[in-house]
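**Q** Just passing along the structure, written as structure tokens.
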Amino acid sequence: MVEVRVDPEICAASGMCKLLVPAVFDQSEEDGTVRLTDATPPAELAAKVRTAALRCPAGAIAVHEREREAPGA
């Protein structure tokens, strides 16, 4: 499982993240900076989220690996 964090303060507003994973990223209508819509996306989007983070020209996206929580925890 991955957890995504964004820093709109350093975002270059390129829109690459939204283009790659629109289910996780959006852009502010005000200034075009990144907006996170799903901080813990489903596992099937993890590879795309990692790609978006790598392609972010400003390095505004961080992806952290999280262990899956045990049921009932």
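The values are calculated or read from the model by the stated rules, or taken from the named source; none is laboratory data. Predicted model only: the values in this text are computed from it and were never measured. Backbone-built Cβ (ideal geometry, glycine too); neighbour counts: all protein chains shown. Please note that ligands, DNA and RNA were not included when accessible areas were found on the heavy atoms of the full protein model with its side chains. Shrake-Rupley method; radii C 1.70, N 1.55, O 1.52, S 1.80 Å.
**Q** Sort out which residues of segment 22-44 are of a type in the set (A, V, I, L, M, F, W, C) and more than 15 Å from A60 (Cα to Cα), and write them in order of number.
**A** A23, A43
**Q** Quick one: count up the residues across segment 28-68 that are under 12 Å from G15 (Cα atoms), open to solvent by 50 Å² or more (accessible area, probe 1.4 Å) and in a loop (DSSP other than H, G, I, E, B).
**A** Here the count works out to 3.
**Q** Can you name the residue in segment 1-27 that is of a type in the set (V, I, T) and in a loop (DSSP other than H, G, I, E, B) and is also nearest to the chain's Cα centre (by Cα) among such residues?
**A** Out of the qualifying residues, it is V24.
**Q** Within segment 1-15, track down each residue that is touching a Pro at 6+ places or on another chain (Cβ under 8 Å) and surrounded by fewer than 18 Cβ atoms within 10 Å (Cβ to Cβ).
**A** A12, S14
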